[in-house]
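Have a look at the structure below, then the notes.
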Amino acid sequence: MNFYPTERVALFIDGANLYATAKSLGFDIDYKRLLRLFRARGFLVRALYYTAVADEQEYSSIRPLVDWLDYNGFAMVTKPSKEFVDGAGRRKVKGNMDIELAVDAMRLAENLDHIVIFSGDGDFRSLVAALQQMGKRVSVVSTLQTQPPMIADELRRQADQFLDLADLEKEIARAHNGRADVH
């Protein structure tokens, strides 16, 4: 990883994308270790985690993670997921947080040197280009180790630095100690 100790760094985590990527690689993320890793690389200004939550439900499987992250160093950005029936009559849940992540990255950019985006979504390519035009360094975290890769080629090419989540596993994976997984 190419970081400078004096850089002001912020993490922008597309929660659903990061969860799917880690799951496809076969490990769970220890978010305390993730923060520790990036705090050791530069001056971590902010770690933002974006996820949709099902408000209408009494209990949501993501709620314990959202609450834990909120109390442990992450700024949580959430919105209610929307449920709908598609043309084929299948029930679908929608909760895309791309716009919120992009707006926050642009808003915070003037106070940052290095932006780290945890997503492989090709829609973020134009965000990365805009941040670079502002003189910011942008790293993207996803993986090429799955079939198909979880990162869009155009996003990987645009980034100043691509970090493969598989290469970070030893530093950020959660040790399995018999506890139930929280996601």
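Couple of notes before you dig in:
- Just one of the listed residues (76, 150) is touching a helix residue (DSSP H, G or I) at 6+ places or on another chain (Cβ under 9 Å), at negative phi and free of Cβ contacts under 8 Å to residues at least 40 places away in the same chain, and it is 76.
- Count of residues meeting criterion [in contact with a helix residue (DSSP H, G or I) (Cβ under 9 Å, 6 or more places away or on another chain) and open to solvent by 60 Å² or more (accessible area, probe 1.4 Å)] in the stretch 157-172: 4
- Filter result (part of a helix (DSSP H, G or I) and over 21 Å from residue 4 (Cα atoms)) within the stretch 130-155: 130, 153, 154, 155
- Within the stretch 87-142, the set of residues being under 19 Å from residue 8 (Cβ atoms) and not hydrophobic (A, V, I, L, M, F, W, C) comprises 104, 107, 110, 111, 113, 114, 132, 133, 135, 136, 137, 139.
- Among the residues of the stretch 2-15, those identified as under 17 Å from the mean Cα position of the chain (by Cα) and not β-branched (Val, Ile, Thr) are 10, 11, 12, 14, 15.
- Matching residues, the stretch 109-150, being open to solvent by 10 Å² or more (accessible area, probe 1.4 Å) and under 22 Å from residue 19 (Cα atoms): 121, 122, 123, 125, 127, 144, 145, 146, 147, 148, 149, 150
- Note on the stretch 9-93: enclosed strands (runs of 3 or more DSSP E) holding 3 or more residues that are crowded, with 20+ Cβ neighbours inside 10 Å are 43-53.
- Output for the stretch 47-78, where each listed residue is modelled with pLDDT under 90 and not hydroxyl-bearing (Ser, Thr, Tyr): 52, 53, 54, 55, 56, 57, 58, 62, 63, 64
- Per-region count, the stretch 1-50, residues among the aliphatic types (A, V, I, L, M), in contact (Cβ under 8 Å) with a residue 40 or more places away in the chain and within 24 Å of residue 98 (Cβ to Cβ): 13
- Considering residues of the stretch 10-46 that are hydroxyl-bearing (Ser, Thr, Tyr) and in contact with a strand residue (DSSP E or B) (Cβ under 9 Å, 6 or more places away or on another chain) only, the residue modelled with the lowest pLDDT: 19
- Applying the condition of being outside any helix (DSSP H, G or I) and not aliphatic (A, V, I, L, M) to the stretch 156-176 and asking which residue is modelled with the lowest pLDDT yields 176.
The values are calculated or read from the model by the stated rules, or taken from the named source; none is laboratory data. It should be emphasised that the depicted structure is a prediction, and the values quoted were computed from it without experimental measurement. Reconstructed Cβ throughout: ideal geometry from the backbone, glycine too, with neighbour counts over all protein chains shown. Surface areas here come from the heavy atoms of the whole protein model, side chains and all, with no ligands, DNA or RNA. Shrake-Rupley method; radii C 1.70, N 1.55, O 1.52, S 1.80 Å.
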